[in-house]
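This report concerns only the one structure given below.
The values are calculated or read from the model by the stated rules, or taken from the named source; none is laboratory data. What you are looking at is a predicted structure, and each value in this text was computed from that prediction instead of being measured. Using ideal geometry, Cβ is built from the backbone for each residue, glycine included, and neighbour counts are taken over all protein chains shown. All accessible areas refer to the heavy atoms of the entire protein, side chains included, with ligands and DNA or RNA removed. Shrake-Rupley method; radii C 1.70, N 1.55, O 1.52, S 1.80 Å.
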Number of protein chains: 2
Amino acid sequence: MPRRILFTPGPLSTSPTVKSAMQEDLGSRDRSFLEIVAQIRRVLLEVAHLDPERYCAIPMQGSGTFSVEAVLSSVVPRNGRVLVLVNGAYGRRMANICQRLSLPHHVLECSERSPHDPAMVEATLDAAPDTSHVAVVHCETSTGLLNPVRDIGAVVARAGRSYLVDAMSSFGGMDLRPERWNVDYLVSSANKCLEGVPGFAFVLARKAALRESEGHARSLSLDLLEQWKGLERNGQFRFTPPTHCLLAFRQALVELEQEGGVKARAARYRANHVLLLRGMRQLGFRRYLPPENQSHVITSFLYPAHPRWSFQRFYDELNSRGMVIYPGKVSDADCFRIGTIGRMDQQDVRALLRAVGETMTAMGMDSPAQGRQHSWAGEGNTGGPGPA
Amino acid sequence: MPRRILFTPGPLSTSPTVKSAMQEDLGSRDRSFLEIVAQIRRVLLEVAHLDPERYCAIPMQGSGTFSVEAVLSSVVPRNGRVLVLVNGAYGRRMANICQRLSLPHHVLECSERSPHDPAMVEATLDAAPDTSHVAVVHCETSTGLLNPVRDIGAVVARAGRSYLVDAMSSFGGMDLRPERWNVDYLVSSANKCLEGVPGFAFVLARKAALRESEGHARSLSLDLLEQWKGLERNGQFRFTPPTHCLLAFRQALVELEQEGGVKARAARYRANHVLLLRGMRQLGFRRYLPPENQSHVITSFLYPAHPRWSFQRFYDELNSRGMVIYPGKVSDADCFRIGTIGRMDQQDVRALLRAVGETMTAMGMDSPAQGRQHSWAGEGNTGGPGPA
C-alpha cells in the first residue's frame, strides 16, 4: 500500500520510528514500563513549561473526549456550576458532557467564526456568582479557530474561579503557557500535535486544584484524582493502559525534542498552513474563518458553489491519490477541513495541492490553472467573510 | 533487548505479526479503516456463536473496566437495581462502579475460593423483586476462579432479569455461548485471550435489551447505546478510536482463525496450564484454588513459607531472565499469579519453570531438585486447600 498522508486533525501521520516503537509487549506493572510512564509524565510538564511542584501530568485511557469528561466529572463539586464557552462542536461537546452528567452549567455561545470575548466572560461570571468552573476550547478543531485562552484566563483568575482548557489540537503545535494563563486543567491527546498514535489523552492539572476535588468524581474509570494518586503511589495506571501506544508516545516525545521543541514544530506547521492557504486560494477555494482567527493547525474551506461539486467525489479522488482530508463540522456553512499537523512538511502539502488540482480536473471543474481563478469560489455559500 | 514473555493476565505476549500490523496510520473516518472496524465487529459475533440479527458487537475505547462501566452506566434504568455477584477483585470492582455511579445495587458475596451458587442467586432474586440486572465475572482474573455463568444465566432468565457477564479473561480462551446462557451483555477486552494489544475493549450486546436502554446513559464518553448507533449509522466510533490497536486486533483475529478457532486456542492454553501446574508442584509450590474451580487462564500460587522468600526478589530474578509474572490479588492469602494465555506455548512454560528453579537456587531456597520436595510449600499460609 502506498503511503497515505493524513491531512486530518488526528489521528494523523506519525513517523515510521514512532510506529516501530510499538514492536514490544511490556507488562503494565513491569518496572521498564513504569519508567516509561514516569518519563512521559515528566516531559509533558516540560513541554508545557510547568513546575512539577505545582502541576502534574495524568495520562488517561481513551480518546481526548474521555479526558475532558474525566476532568468535568471529577473536579466539579455537587454545588458547583460550570460556565461552558461554546463556539464550535468541541465547546458544544463539553456542554453535552455537563448535561449528561447532570452537572449544573450554563453556556455562553458566540458565532463559530468569532473567538470568545473575555469581557463577555467577565460579565457572565459577575452575573453568576455560583459559577465554580469555566471551560473553553483553545483551538476549535471543528474550524481551526483560536480562542484567547490567556485573556480569558486572566478574567477567570480575577473572578477566583477554576479554569479548564481543552487544548486538544493546539498543545505541542503552539507554545502554551498554562500556568501564566491561570489554567487549572489543560487537556490534550497523544495523537495530535505531539504526533503519537491514538489510545490515550492526558490532563495537566494544578495540584492544589486537583487535591480539592476529593469526593467529587462521578465515574470510577474516569476518576482523575484516583488516576493521579495511583500513578503517584506505584507508578501504575489503575486499569490496563495501552502499553504500545505509550511506547510510541515516548518515541514521539524524543522526536519532538530532536525537531527543536514546540517552537520548531509550530514553525513547521505554520509553514505548512501558509503554503496550503496560498495553494488552495490559487485553486479557487475560500476559507471559512476570517484570517485573524485562524490557527495553523487545521483550516476549514467552503464548498465551492460549482454544479459539479461533490464532497464525496472530491474526498474519494484525493483518497485514491493517498491524500486523506476531513469533512467539515460547522453548523452554518458547508465546509471541508484540511489539517497541517502531524509528520508532514511542505513537500507533502505541495503533493496535496497537486492532487487537489488533478481532482478538480477529474471532476470537470474549472480550475485557476485553466485561467478562471475565483470564478466560482465560495459563491452561493452562506457567507465566508474574508478571502482565503 | 531479549524477548520477554508475559505470564500475565493481559497485556500479554502478542505475535510479531500482530505488532507489525500497527505500522500504518489510518484516518479514523476513512473507508479502509471503517471496513476493518466492520470486519472486527462481525468476527467477534462469530467467535461468540452469536446471530447478528439478535446481537451486536460494540468496541469501546479504554481498558476493560471502561467497558464494564459503559454497560452499567448505560443500561440500568433510574428505577433499576443491580445484583452484583462478588468473589474477587473484579466482582468487587463492579460493585464499586455501581457505588460511584450511585446505581442502586446489592452485593452477594462468597469466598474468593468458591464459585457462586446459582441457588443462592435465585433466592436473592426472589427476595429482591426490584432487581433489574445481575452482574457476574466469568473468570475472576484475581485468582483464576470460574463462576458458573451458564447456570446463573438460567436462574436470571427464569427470574426475567437482565444479565451482564464480565468475560474479560475467558472470552477467546474458552468456548463461550452467551446466547444459550441468556447473557444480555458480555464484556471482554482486546488484550486478553484474543491476543491483541491493549487500547480498547468491547461489549457483545443483545439488541433487544440494548434498545430498551434509551435515555439511561449517565456518561457521554461511555454511552453504550450511542456508541452502537454511531457505528450502525456510519461505521465510525463517535470519538477517536485507537486506530493502530484496531489494526493489530484484526490481525489477531486472523491468527485466531489460523490456529483453529477458540477450541484450538483453549487446548493450547489448557496444555500450558497443565504443564505449569505440574512443574510448579515439582518445584514445591501450592496453588490457591481447589482444582475444580481453577481455569486454565491464570493460576494463583501461595507464597512459600520459607524464611528466604521474597516476592520482590522472586519477581526481579524472573524478570532478569525475561519472564514477567504477576502479583497476587486476593484478600485472604499471600499469592502471586502466573498467566498461561497469550502468544506462548509449552516451550515457553518450560522456560519459565527452568527460570523459577534457577531463581529459587539464586535465592538460597531448597528446591525439590535438591531432594526436599514439598518440605516447605504453603506452610504457614492461611490455608490453601488442595495440593497444586
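Summary of computed values
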quantity	calculated
The one condition in (1) within 23 Å of A:L220 (Cα to Cα); (2) within 14 Å of another protein chain (Cβ to nearest Cβ); (3) touching a residue at least 40 places away in the same chain (Cβ under 8 Å); (4) crowded, with 22+ Cβ neighbours inside 10 Å that A:A57 fails to fulfil	(2)
Members of the range B:325-355 found to be in contact with a Gly (Cβ under 6 Å, 6 or more places away or on another chain) and open to solvent by 20 Å² or more (accessible area, probe 1.4 Å), listed by number	B:L353
Filter result for B:S28 (of a type outside the set (A, V, I, L, M, F, W, C) and within 7 Å of chain A (Cβ to nearest Cβ))	yes
Residue, farthest from the chain's Cα centre (by Cα), within the range B:92-109, restricted to residues that are open to solvent by less than 40 Å² (accessible area, probe 1.4 Å) and more than 14 Å from every other protein chain (Cβ to nearest Cβ)	B:H106
Meets criteria (touching a residue at least 60 places away in the same chain (Cβ under 8 Å), open to solvent by less than 10 Å² (accessible area, probe 1.4 Å) and over 24 Å from B:S102 (Cβ atoms)) for B:A252	yes
Residue, nearest to the chain's Cα centre (by Cα), within the range A:180-236, restricted to residues that are among the aromatic types (F, W, Y) and open to solvent by 10 Å² or more (accessible area, probe 1.4 Å)	A:W181
Number of positions in the range A:262-274 that are without any contact (Cβ under 8 Å) to a residue 60 or more places away in the chain and open to solvent by less than 50 Å² (accessible area, probe 1.4 Å)	2
Odd one out for B:S63 among (1) farther than 17 Å from B:S170 by Cα; (2) within 7 Å of chain A (Cβ to nearest Cβ); (3) in contact (Cβ under 8 Å) with a residue 40 or more places away in the chain	(1)
Whichever residue in the range B:37-82 is in a strand (DSSP E or B) and of a type outside the set (G, A, S) and, among such residues, is nearest to B:R250 (Cα to Cα)	B:P59
Number of positions in the range B:21-34 that are open to solvent by 20 Å² or more (accessible area, probe 1.4 Å), in a helix (DSSP H, G or I) and in contact (Cβ under 8 Å) with a residue 40 or more places away in the chain	1
Residues satisfying the stated conditions in the range B:163-179, i.e. buried (at least 24 other Cβ atoms within 10 Å of the Cβ) and outside any loop (DSSP other than H, G, I, E, B)	B:Y163, B:L164, B:V165, B:D166, B:F171
The range B:203-231: number of residues that are part of a loop (DSSP other than H, G, I, E, B), within 12 Å of another protein chain (Cβ to nearest Cβ) and at negative phi	8
Criterion: in the same structural domain as A:S219 (by TED's automatic domain parsing), among the β-branched types (V, I, T) and within 23 Å of A:K207 (Cβ to Cβ) - qualifying residue of A:I97, A:I58	A:I58
Residue in the range A:38-46 that is within 11 Å of chain B (Cβ to nearest Cβ), touching a strand residue (DSSP E or B) at 6+ places or on another chain (Cβ under 6 Å) and buried (at least 24 other Cβ atoms within 10 Å of the Cβ) present	no
B:F239 being crowded, with 16+ Cβ neighbours inside 10 Å, within 14 Å of chain A (Cβ to nearest Cβ) and more than 20 Å from the chain's Cα centre (by Cα)	yes
Search result, residues across the range A:288-313 that are of a type in the set (A, V, I, L, M, F, W, C) and under 15 Å from A:T8 (Cα atoms)	A:V297, A:I298, A:F301
Odd one out for A:P11, checked against (1) at pLDDT 95 or above; (2) open to solvent by less than 40 Å² (accessible area, probe 1.4 Å); (3) in a loop (DSSP other than H, G, I, E, B)	(1)
Selection from the range A:153-167 of residues that are more than 21 Å from A:A267 (Cβ to Cβ) and either touching a helix residue (DSSP H, G or I) at 6+ places or on another chain (Cβ under 8 Å) or not small (G, A, S) (or both)	A:A154, A:V155, A:V156, A:R158, A:A159, A:R161, A:S162, A:Y163, A:L164, A:V165, A:D166
